[in-house]
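Worksheet: the structure to be examined is printed underneath.
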Amino acid sequence: MSKSIAVKKKHTPISLDAIKFVEGPNYYSFYCNNTGFNVSVVDFVMYLGEILEVGDGRATVERRARVTMSPIQAKAMAVLLNHNIKAYELQNGPIRDSIDIPALELKLNEGK
């Protein structure tokens, strides 16, 4: 029985000017003010939604999309998002945090 070995090919870098972006048949645009995440060993899942109403200690969120991506793509997205947030804040001032980031990080780190 012969075995095949996958050889990782080196890719030539492509400039953004050389990429053609097209909108697929299911492409649509929507507003998002709520995000959620799930992470597994093989992928990252991001939920995008809109808070429709808040009251009496409860909220209604309409989930509009679920995006699943590889860990490599998730990390690339984080780098690009952080870069764009810094650029935005340089031009417009700091973005006010809507959640207590240190408390959230503490809660996330409790599971480690």
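Just so you know, all these numbers are worked out from the coordinates, no wet-lab data involved. Every value quoted in this text rests on a predicted model; they were computed, and no experiment measured them. A quick note on method: Cβ atoms are made from the backbone with ideal geometry, for glycine too, and the neighbour counts reach across all protein chains shown.
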Checklist line | Spin-label proximity, Glu23 to region 46-72 - amide N less than 18 Å from point 7 Å beyond Cα toward beta carbon | finding: 65
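Counting only other residues whose beta carbon sits under 13 Å from that of Glu89, what net charge do I get with K and R as +1, D and E as -1?
Numbers: positive: Lys86, Arg96; negative: Asp97.
Within the 13 Å Cβ shell, the charges total +1.
Let me check I've understood the local charge: for Gly49, count other residues with C-beta under 10 angstrom from its C-beta, Lys and Arg +1, Asp and Glu -1. What total comes out? Each step should come with its number before you reach the end.
Numbers: positive: Arg63, Arg64, Arg66; negative: Glu50, Glu62.
Here the charged neighbours net out to +1.
Expressed in nm to one decimal, what extension gain is obtained for the pair Ala78 and Ile14 from 0.36 nm per residue of sequence separation less their Cα-Cα distance?
Details: separation 64, 0.36 × 64 = 23.04 nm, distance 2.00 nm.
Result: 21.0 nm gained on full extension.
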